[in-house]
Amino acid sequence: MLRSLFDGTDGIEDIGEIYEMMEVNCPDPCSTSQKLWELRHAGHIDPGNSSPETLLEKAVAMLAENRHMHKWFNQCPTASGITDCSESRKRSAAVGKKGNIDLVHLSESGEHARLVELKWMSNDPPYALSQVLRYGAAYIFCRVHKKQLPLQGRPLMNVCHVALEVAAPWSFYSGYDERPRIARMRKSLDKFAGSKIHGLSMSLDALAFPADFQMPFGNGKQVKDRCDTHRLTAEGRQIRDAFNGLTPVWPAP
């Protein structure tokens, strides 16, 4: 059976262990995708789509494309098409899980990047933290193997700090105290990132939107009507302000 980069990594809290499993999965990596770690604005949405995470993500993409949220991008492929390059695996051009990170923000200097996983009512904080940590491991893996992968000219491959973030309403975190888990994950990040890539640091945060933030859209048509425009609408401003107002749920000590 052909293995993809993320196989066997679910639920692991140590980024070093996740990375080791990725090396087992793909010891000689190659990718059939030309979109790996590409910064893009993927704004298409079905008019009837009512998924809160999708509505929020597409709203940011449209606002960014219309220059209302500078340097924000969405649907960045973290492991698309990556498999091992052994002869038996080269025969399949379609292996590899999609593994797209919901949102990416690149600083003005181009030295800092935020990888943001959006949540609303789906899954739970432990799953979300594990998910974004795996994206962090995929980033390190790709950067270590960037000469073997189609990553030439990718701005994300040159940053010196990567912030791994879960962004959700306060209600998503209700009833959870993830301080011990997030402390363990941060400890593994502190030790591992710089040991694999000189000069790289990484952080991990669970962030909440302002308490009064409510989803201003009910479907994809409303998102397109109110965000895919050169004029910043009230709803667009609400989304922009919500992302500017993200705060840590469990701040680092």
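We did not get these values from a lab; they are worked out from the coordinates using the rules stated. Since the structure is predicted, the reported quantities are computational estimates derived from the model, not experimental observations. Virtual Cβ from ideal backbone geometry, glycine too; neighbours counted across all protein chains shown.
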Worksheet item: For S171 and S107 in the same chain, what is the full-extension length gain: residue separation times 0.36 nm, less their Cα-Cα distance, in nm?
Response: 20.2 nm
Discussion item. Pairing rule first: another cysteine's C-beta must sit under 4.7 Å. Under that rule, which cysteines of the chain stay single?
Written reply: C26, C76, C142, C160, C227
Discussion item. Taking every DSSP beta bridge with both residues inside the chain, roughly what % is antiparallel (nearest 5)?
Written reply: 50
Worksheet item: In Å and whole numbers, how far do the C-alpha atoms of the range 110-192 stretch along each principal axis, longest first?
Response: 44, 26, 21
Fill in: Among the listed pairs K58/K224; K35/K119; K119/K196; K147/K191, those beyond 18 Å (Cα-Cα)
K35/K119; K119/K196; K147/K191
Worksheet entry | Mean separation of Cα contacts under 8 Å, 6 or more apart, over the residue count of the range 1-150: relative contact order % | 30
Discussion item. How big is the dipole moment of the chain about its Cα centre under a simple scheme where the beta carbon of each Lys and Arg is +1, that of each Asp and Glu is -1, and everything else is neutral? Debye, nearest 20, please.
Written reply: 640
Discussion item. Given N residues in the range 156-253, what is its alpha carbon radius of gyration divided by 2.2 N^0.38 Å?
Written reply: 1.37
Practice prompt. Find the centroid of the Cα atoms in the range 1-40 and in the range 156-183, then give the distance between the two in whole Å.
Written response: 20
Item to complete: Hey, could you grab the Kirkwood Rh for the range 1-84? Inverse mean 1/r over distinct alpha carbon pairs, Å, one decimal.
Response: 15.0
Worksheet item: Just the Cα atoms of the chain: what Rg and Dmax do they give in Å?
Response: 18.1, 55
Discussion item. Need one number: % antiparallel among DSSP beta bridges in the range 105-253, to the nearest 5.
Written reply: 20
